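The values are calculated or read from the model by the stated rules, or taken from the named source; none is laboratory data. Model, not experiment: these values are computed from the prediction. Note that we place each Cβ from the backbone using ideal geometry, even for glycine, and neighbour counts take in every protein chain shown.
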Amino acid sequence: MRRGELYRVNQPPGEPKRYRTFAIVSRQATIDSRFSTAICVPVFSEGYGAPTQVRIGIEEGMKHESWIWCDGMTSVRKSELTQYVGSLSRAKLTELDRALAIALDLNR
């Protein structure tokens, strides 16, 4: 399991859908630790180009164009991150880092 990988999670808490894809955004040291959860952001099939959203698609393992929504950070149990979808390229990870910094208001 690596930062920037995408996983489909079955019936995530608070979700009306049967499954949701999430991108892992925790730092690698936390992912590799015994800590039971990882910080993730959800992927939606629609986006509107907000600076806190990153467009992804077939190149990243998705079936169609989708959007990572950095404003929706949540902890997901690592044991639920079992259905690997794909991973982000170095360029997409850079976009993700920018979107996360905006979502957390770190650009001061």
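For the range 34-54, the criterion of being in contact with a Ser or Thr (Cβ under 7 Å, 6 or more places away or on another chain), at pLDDT below 95, part of a loop (DSSP other than H, G, I, E, B) and surrounded by fewer than 19 Cβ atoms within 10 Å (Cβ to Cβ) is met by at least one residue.
Taken over the range 60-85, the criterion of being among the charged types (D, E, K, R) and surrounded by 12 or more Cβ atoms within 10 Å (Cβ to Cβ) is satisfied by GLU60, GLU65, ASP71, ARG77, LYS78, GLU80. Report, by residue number, each residue of the range 1-34 that is among the basic types (Lys, Arg) and either under 16 Å from the mean Cα position of the chain (by Cα) or closer than 20 Å to ALA103 by Cβ (or both). Within the range 1-34, ARG2, ARG3, ARG8, ARG20, ARG27 meet the criteria.
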